[in-house]
1. Among the residues of the range 39-63, write down those that are among the small types (Gly, Ala, Ser) and either open to solvent by 50 Å² or more (accessible area, probe 1.4 Å) or part of a loop (DSSP other than H, G, I, E, B) (or both).
2. For the range 64-88, enumerate the residues that are open to solvent by less than 20 Å² (accessible area, probe 1.4 Å) and of a type outside the set (Gly, Ala, Ser).
3. Check off (1) more than 15 Å from the chain's Cα centre (by Cα); (2) of a type in the set (Val, Ile, Thr); (3) at pLDDT 95 or above for Thr93 and give me the number that stays unchecked.
4. For residues that are part of a loop (DSSP other than H, G, I, E, B) and over 11 Å from Ile103 (Cβ atoms), scanning just the range 1-38, find the one that is least open to solvent (accessible area, probe 1.4 Å).
5. Among the candidates Asp13, Asp25, which residue alone is under 16 Å from Ile116 (Cβ atoms), without any contact (Cβ under 8 Å) to a residue 60 or more places away in the chain and charged (D, E, K, R)?
6. What are the residues in the range 89-139 that are open to solvent by less than 30 Å² (accessible area, probe 1.4 Å), outside any strand (DSSP E or B) and aliphatic (A, V, I, L, M), if any?
7. Go through the range 109-139 and give me each residue that's within 14 Å of ligand 2 (Cβ to nearest atom) and aliphatic (A, V, I, L, M).
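The values are calculated or read from the model by the stated rules, or taken from the named source; none is laboratory data. Since the structure is predicted, the reported quantities are computational estimates derived from the model, not experimental observations. Ideal geometry is used to build each Cβ from the backbone, glycine not excepted, and the neighbour counts take in all protein chains shown. Side chains included, ligands, DNA and RNA excluded: accessible areas come from the protein's heavy atoms. Shrake-Rupley method; radii C 1.70, N 1.55, O 1.52, S 1.80 Å.
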Amino acid sequence: MSTKRTFTMIKPDATGAGYTGKIIDRIINAGFTIKAMKWTQLSIDDAKSFYHVHSERPFFDDLTKYMSSAPIVAAILEKDNAVSDFRSLIGATDPSQAAPGTIRADFAESISANAIHGSDSDENAAIEGSFYFSARELA
Ligand code: UDP
Ligand code: MG
């Protein structure tokens, strides 16, 4: 088992509801080390670029409007099995299907405003992290 990285965003519904601190606590208590973190807001074009893999999906317009509507917190996290352990910590995309005790079960509003992002592969974690952070910040 090697130490690996994943990428996360605390999404606008959760930053707006004041859950940022509680969610960061959950992440640290689950054994992740924060390697980089920033509070920022996406433009609509930033959101379209970040989510371009979903550009053909019916929810793309709503998703990109929502993700650019208010601040997010972006972070690079490190842990053994970071990508899969983080997906377990956040729970299913639809909070009504998310396991009890997961971040989405406890903090998400809906399938679209679902509190938090987690990368789905090592490759995408690297791509998504470098969307937000410079090479120096990622070192
Ligand atoms: N999403 C949505 N409606 C859907 C599926 C997804 O609004 O039916 C949004 C939701 O915010 C989700 C994001 O699009 O987190 C990316 O979708 P994906 O299938 O990659 O889910 P995730 O990896 O975030 O669980
Ligand atoms: Mg995804």
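1. Just the residues of the range 39-63 that are among the small types (Gly, Ala, Ser), to begin with: 43, 47, 49, 55.
Those that are among the small types (Gly, Ala, Ser) and either open to solvent by 50 Å² or more (accessible area, probe 1.4 Å) or part of a loop (DSSP other than H, G, I, E, B) (or both): Ser43, Ser49, Ser55.
2. Matches in the range 64-88: Thr64, Met67, Ile72, Val73, Ile76, Leu77, Val83, Phe86.
3. (1)
4. Residues of the range 1-38 part of a loop (DSSP other than H, G, I, E, B): 1-2, 11, 17-19, 30-32.
Pick out the ones that are also over 11 Å from Ile103 (Cβ atoms) and you get 1-2, 17-18, 31-32.
Details: Met1: 172, Ser2: 62, Ala17: 53, Gly18: 56, Gly31: 44, Phe32: 11 Å².
This residue is Phe32.
5. Numbers: Asp13 fails: without any contact (Cβ under 8 Å) to a residue 60 or more places away in the chain.
One residue alone meets the criteria, Asp25.
6. Listed by number, the residues that qualify are Ile90, Ala98, Ile103, Ala108, Ala113, Ala115, Ala125.
7. Ile111, Ala115, Ile116, Ala125, Ile127
Results for (1) of a type outside the set (Lys, Arg); (2) under 22 Å from Ala125 (Cβ atoms); (3) in contact with a Lys or Arg (Cβ under 9 Å, 6 or more places away or on another chain), shown as yes or no for each residue.
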{"site": "Lys11", "(1), (2), (3)": "no, yes, no"}
{"site": "Asp25", "(1), (2), (3)": "yes, yes, no"}
{"site": "Asn29", "(1), (2), (3)": "yes, yes, no"}
{"site": "Ser43", "(1), (2), (3)": "yes, no, no"}
{"site": "Ala75", "(1), (2), (3)": "yes, yes, yes"}
{"site": "Asn81", "(1), (2), (3)": "yes, yes, yes"}
{"site": "Arg87", "(1), (2), (3)": "no, yes, no"}
